[in-house]
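J.: One structure follows; several queries about it will come next.
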Amino acid sequence: MAWFRRKKSEAPPESAQVPEAPKKSAARTTRTTSARPAQKAAATGRDKPAGQRQKSSSQGQGGNRTQRAEGSQRSGQSRSASSAKRQGGGGGSRPREQAQRQRGQAQRQGSGDSQRRREQGKPKPGGQRSQPKNGQRSKRPAERRPLTTEEIKAVTEPKHMCVHVGPERTQIAILEGKDLVEHYTTRKDHSSIAGNIYQGKVQNVLPGMEAAFVDIGTSKNGVLYVGDVQWDELDVEPGAKPKIEQVLQKGQSVLVQVTKDPMGTKGARLTTQISLPGRFLVVVPESGVQGISRRLPAGERDRLRRISSAIKPEGFGLIIRTAAEGASESDLKADVERLQERWYEIYSKAREGVAPALLYEEPELVIKVFRETFGPDFKKVTIDDKETYDRVMQYLDTYEPDLKGKVDYYPPDEIPLFDRYHVTSQLQKGLDRKVWLPSGGHVVIDRTEALTVIDVNTGKNVGKSNLEETVFKNNLEAAEEISRQLRLRDIGGIIVIDFIDMEIRKNRQEVLQTFRECLAKDKTRTQVFDISELGLLEMTRKNVSEGLVEAYSHPCEACNGRGLTFDSLD
């Protein structure tokens, strides 16, 4: 570590004053430079006069001993001379032992500095990291504590919902501050069927796929996997999980609910485990399940758990939603009673109807988003269609009368709603393949049939200090932006992210933790794995409906959706 040591030939001046409290940063320099003068004094101790040996020894031991030696000389030459004779009479063995002890202290201090440098990520000169000495193992850097749900809510910008009703489609944009984070849309000629309940008819059972195709009255048959079938334990043999052909037969009528909209060539995903969502909770008929949203604070979870046990009806399961935070027992009980009545109506239609038939249809997109998303954390809601505004106010009058004051009607003769709040420009960027970061870097998002791949690049970001710091800050910006793009584009399925390689383990953990905290704002279920040895982060996000790109695009008729221009093969 010679780049910051005192030169060997430099001796501390005799006039150096003794500091009252020696600083730790100077301890290493003092111990390192004091060893060699002490050795020299020991080697020449018999040839020099006593006073000269005393002066040399005091200089070698640093400014502190220099001042003490000078004080001794001023108080009496005889005492100084006798002390010097005693030191010299031992043949210089005591200074030699003292020098060896000081060299050992300097080595231990040097290994401690190397360990601190490794923890801070500072490389030694020449681009090499110092290695621990004497078999010591360097401690791992302390990792930052993850943010709690309450802390994440506290740092979230105020939310604003914009509802635009156009001639062809209805769009809902949710902004956090000025940033667009979520977008919902539905076309007049095509609406989502997720959540609808049908009386279906089994068309075909495939034991090899452990699935069955069910006709629900749509253009494509729905798919019902064996894991989504709720069977009666009396109808199957006890023991192993029953096979699909044991619980379903061709031509059988079955009550099913859509969990995922049709996508591409795939039909709708179905389940026989019916659930009825309300404002504050979800009722699960013919089940004993009880659950509470993990997004709720611990104290609120305990309160709602006691209420859930008190109001749970016989033969029904209850799942308390995040929107139930602060709700009273009477509000939750009224929600349960409404959902019970809805189930009795559905069950009655199923017994009287003929498959395939639609038994229950989810409300329109605006009401559905209000039920799933809207709450006290929203600053305001702006709607530019009077009929939609009236339906929303009627819904809130029944379920959330205290929040009616946050909803405003926006006259259509003013500046277009999405232009006023810069939603259109952000939607256009959400359709681009490349997304720029604040510091000049960018991420590239590519979707394939199997998965979505996201690549992080520094781009125009050249940094200011060093490469590791530049890459670390670029990856932090990318982690925040990627989490926002996943929500905005509604990307689901398998997602692989290629962050820029980082050498320091603490930086990798910080980026991963920041990414997970940003995803905590996403109400869609996600699962994030650790960064692999190749530097790739793998995750999954529940795929419920078509994404932003699919909603605003269609395959090219000329190239069949490849998006490439081919050269001539001649």
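J.: Got a number for residues in the range 288-318 being closer than 18 Å to Arg338 by Cβ and out of contact with any helix residue (DSSP H, G or I) (no Cβ under 9 Å at 6 or more places or on another chain)?
T.: 3
A quick yes/no check of all residues on (1) in a helix (DSSP H, G or I); (2) in contact (Cβ under 8 Å) with a residue 60 or more places away in the chain; (3) in contact with a Phe, Trp or Tyr (Cβ under 8 Å, 6 or more places away or on another chain):
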{"site": "Lys404", "(1), (2), (3)": "yes, no, no"}
{"site": "Asp413", "(1), (2), (3)": "no, no, no"}
{"site": "Phe418", "(1), (2), (3)": "yes, yes, no"}
{"site": "Ser425", "(1), (2), (3)": "yes, no, no"}
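J.: Give Glu345, Glu300, Glu362 a once-over and let me know the one that is assigned to a loop (DSSP other than H, G, I, E, B) and of a type outside the set (Phe, Trp, Tyr).
T.: Numbers: Glu345 fails: assigned to a loop (DSSP other than H, G, I, E, B); Glu300 fails: assigned to a loop (DSSP other than H, G, I, E, B).
Exactly one residue qualifies, and that residue is Glu362.
J.: Can you find, within the range 350-372, the residue that is modelled with the lowest pLDDT among those that are farther than 21 Å from Val407 by Cβ and surrounded by fewer than 15 Cβ atoms within 10 Å (Cβ to Cβ)?
T.: Across the range 350-372, the extreme among qualifying residues is Gly353.
J.: Being closer than 26 Å to Gly217 by Cβ, buried (at least 18 other Cβ atoms within 10 Å of the Cβ) and touching a residue at least 40 places away in the same chain (Cβ under 8 Å) narrows it down to one residue among Leu296, Leu281, Leu248; which is it?
T.: Working: Leu296 fails: closer than 26 Å to Gly217 by Cβ; Leu281 fails: closer than 26 Å to Gly217 by Cβ.
Answer to the check: Leu248.
J.: If you don't mind, there's one more thing I want to ask. Is it the case that Ile311 is surrounded by fewer than 18 Cβ atoms within 10 Å (Cβ to Cβ) and farther than 30 Å from Val423 by Cα?
T.: Values: surrounded by fewer than 18 Cβ atoms within 10 Å (Cβ to Cβ): yes; farther than 30 Å from Val423 by Cα: yes.
Considered against the rule, which asks whether it is surrounded by fewer than 18 Cβ atoms within 10 Å (Cβ to Cβ) and farther than 30 Å from Val423 by Cα, Ile311 comes out as yes.
J.: For Lys460, are the conditions met, namely being in the same structural domain as Gln513 (by the TED database), surrounded by fewer than 20 Cβ atoms within 10 Å (Cβ to Cβ) and of a type in the set (Lys, Arg)? I'd like the intermediate steps shown before the answer.
T.: Values: in the same structural domain as Gln513 (by the TED database): yes; surrounded by fewer than 20 Cβ atoms within 10 Å (Cβ to Cβ): yes; of a type in the set (Lys, Arg): yes.
Considered against the rule, which asks whether it is in the same structural domain as Gln513 (by the TED database), surrounded by fewer than 20 Cβ atoms within 10 Å (Cβ to Cβ) and of a type in the set (Lys, Arg), Lys460 comes out as yes.
J.: What's the total number of residues in the range 376-389 that are surrounded by fewer than 18 Cβ atoms within 10 Å (Cβ to Cβ) and over 23 Å from Ile193 (Cα atoms)? Reasoning before the result, please.
T.: Restricting attention to the range 376-389, the residues satisfying the condition of being surrounded by fewer than 18 Cβ atoms within 10 Å (Cβ to Cβ) are 376-380, 386-387.
Add one more test, that the residue is over 23 Å from Ile193 (Cα atoms), and what stays is 376-380, 386.
The total comes to 6.
J.: If I ask for residues that are free of Cβ contacts under 8 Å to residues at least 12 places away in the same chain and of a type in the set (Phe, Trp, Tyr), which ones from the range 325-346 would you list?
T.: Selection gives Tyr344 alone.
J.: Give me the residue from the range 390-405 that is of a type in the set (A, V, I, L, M, F, W, C) and over 14 Å from Glu364 (Cβ atoms) and, out of that set, surrounded by the most Cβ atoms within 10 Å (Cβ to Cβ). Before the answer, list the steps.
T.: Our first condition is that a residue be of a type in the set (A, V, I, L, M, F, W, C); within the range 390-405, this holds for 392-393, 396, 403.
Narrowing further to those that are over 14 Å from Glu364 (Cβ atoms): 393, 396, 403.
Values: Met393: 14, Leu396: 20, Leu403: 15.
Ranking the qualifying residues of the range 390-405, first place goes to Leu396.
J.: How about the range 426-463: which of its residues are among the hydrophobic types (A, V, I, L, M, F, W, C) and within 30 Å of Thr265 (Cβ to Cβ)? Don't jump to the end; show me each part of the working.
T.: The first filter runs over the range 426-463 and keeps only residues among the hydrophobic types (A, V, I, L, M, F, W, C), leaving 427, 431, 435-437, 443-445, 450-451, 453-454, 456, 462.
Within the range 426-463, Leu427, Leu431, Val435, Val443, Val444, Ile445, Ala450, Leu451, Val453, Ile454 qualify.
J.: Give me the residue from the range 486-510 that is more than 21 Å from Asp432 (Cβ to Cβ) and in contact with a strand residue (DSSP E or B) (Cβ under 8 Å, 6 or more places away or on another chain) and, out of that set, modelled with the lowest pLDDT. Show your work before the answer.
T.: Within the range 486-510, the first condition is being more than 21 Å from Asp432 (Cβ to Cβ), and the residues that meet it are 494, 501-510.
With in contact with a strand residue (DSSP E or B) (Cβ under 8 Å, 6 or more places away or on another chain) added as a condition, the list becomes 494, 508.
Values: Ile494: 95, Arg508: 90.
Per the criteria, the residue is Arg508.
J.: With respect to Leu339, determine if the residue is outside any loop (DSSP other than H, G, I, E, B) and either closer than 29 Å to Asn543 by Cβ or modelled with pLDDT of 95 or more (or both). Spell out how you get there, then give the answer.
T.: On the way: outside any loop (DSSP other than H, G, I, E, B): yes; either closer than 29 Å to Asn543 by Cβ or modelled with pLDDT of 95 or more (or both): yes.
Answer is yes for this residue.
The values are calculated or read from the model by the stated rules, or taken from the named source; none is laboratory data. Bear in mind that the values here come from a model prediction, so they are computed numbers and not experimental data. Cβ coordinates were reconstructed from backbone atoms using ideal geometry, including for glycine residues, and neighbour counts include every protein chain displayed.
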